[in-house]
Structure formats: structure tokens, C-alpha cells
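For reference, the structure is listed below as C-alpha cells.
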Amino acid sequence: MLLPLKRPQLDQILPPIPTRDQYNYYWGDGLDLFRRILISVAVATIAWVLHFRFIGTFWELVVFLVGALGAFYWLLAPVPMAMVRNAQLRKYPYAALWYATIDDCYLSEEVSTKQENVDDRGRLEVSYSTESFINLELGDDNNLVLNYRVPLQRGYKRIEPDQTICLVIFAADPKFQRISRFTSDAYIPKLRLWVSDYPYLRRDSFKELLRQLRPKI
């Protein structure tokens, strides 16, 4: 079942400003933070050196602003990254809440990295790292069908066919005859489980919207 969303409703669950979960996603690990700090130090240092060259000119202010922003790059970088990702969905004129049924679910594996090493005898050794995914075939009574695929997590073992799953889909036409995009962030009310590879949706607002639009689920 499709329930078209008004723009204010979409703004509640997929805001233009990143949520805390989205910020934390792009914050990354210690290595990501270290890289951002190096960039911040480099930009701030270059700006400080150039500042003396442009003293008393308009460019002094420009260099100061660039240096100030660069100095805080390590802290602010996740914000524009998440904003760009949100905008890729928000650009579509029509959005709808989709109550779908899980018709089938199965696991698959994909090679994530390939590493080649030469042993002591000069022989080439190739090793592969794989990542497991859960694949969900979703459908509804209106013959809308989607394949939903995200990295496997332990909690996903409870997912079974015939369960209801809720996500947001996007289209360029109001009748949703052709689906342009959908959130890789879905919720199974029966299990109170999020199936996701990126926290597109503001989760407390999304669950509240579910209660408002279809209280029986």
C-alpha cells in the first residue's frame, strides 16, 4: 500500500539538515578522523602563511575565512557529506510511504576486497574478503515489486516472508508508475527492527508517522 507524503511530512522524517545518526555515520573511525585532522592542519597552515601576503587587502578576509573553515574541517566534514546524500532523495518531487510485504528473503555474498601477496618462494597468493548481504523481495497488492539488499547483521535472522516492512519511495510522477529511488532504511513494525545500510530516516519521527497514518500496524 502506498501513502503519498506531503512535503512537511517528508521534512519530518528526511530533513535537509543531517540527523545525529547521519552525522555519526560519516564521522567514521579513528583513521577517518586522523585524515580529517591532517587536512585541517594543512589548510590552516597554508592559510596562516598566505595571510601575511595579503595583509590589508580584501583577500586577507577571504584567506582568514578559508583558514577558519579548514581548521574545523575535521569536525564539520560529516555535515555536508550527509546533506548531499539526503539531497539525492529530497530532489524528487513525490514521495510515499510504502507498506510492503516480504515475499522472499535469502542471503548472498560478495567479494569486498582482493589482496595479492608473494610468498617466500616467489609464488603469488591471492586472498579474498567477502561480505554477506540479506536480500528481500518486496511486493504489494498493486503489483509494485522491489528488491531490497543491505549488509547482513545478526538481528536480521528474525526476518521471514509475509512480514510487513515500511520504507519511503520516490518518483518523478504523482502516480508512482516508475519508482526512481527508495530509502535503504526500512522498518519492520512486528519485529521493531530497522533493516538498513544508512540511517536516511529520523527514526523516532518515522515511527510516529506510522502510528498516525496506520495505527493498526
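Scanning region 161-197 for residues that are farther than 20 Å from residue 9 by Cα, assigned to a loop (DSSP other than H, G, I, E, B) and not polar (S, T, N, Q) returns 161, 162, 178, 190, 191, 192, 197.
Do the conditions hold for residue 131, that is, is it among the acidic types (Asp, Glu), modelled with pLDDT under 95, in a strand (DSSP E or B) and closer than 30 Å to residue 113 by Cα?
Yes, satisfied.
Being under 26 Å from residue 206 (Cβ atoms) and in a helix (DSSP H, G or I) holds for only one residue in 18, 4, 8, and it is 8.
Across region 166-181, the qualifying residues are those that are more than 18 Å from the chain's Cα centre (by Cα) and in contact (Cβ under 8 Å) with a residue 12 or more places away in the chain, and the one among them that is nearest to residue 205 (Cα to Cα) is 171. Residues of region 104-142 that are small (Gly, Ala, Ser) and either exposed (fewer than 13 other Cβ atoms within 10 Å of the Cβ) or more than 15 Å from residue 179 (Cβ to Cβ) (or both): 108, 112, 122, 127, 129, 132. Given the structure, is residue 213 hydrophobic (A, V, I, L, M, F, W, C), under 24 Å from residue 91 (Cβ atoms) and buried (at least 16 other Cβ atoms within 10 Å of the Cβ)? Taking the combined requirement at face value, the residue does not satisfy it.
Closer than 30 Å to residue 211 by Cα and aliphatic (A, V, I, L, M), is that true of residue 42? Judged against the criteria, residue 42 is not a match.
The values are calculated or read from the model by the stated rules, or taken from the named source; none is laboratory data. What you see is a predicted model, and the numbers here were worked out from it, not measured in a lab. Neighbour counts run over all protein chains shown; Cβ positions are idealised from the backbone, glycine included.
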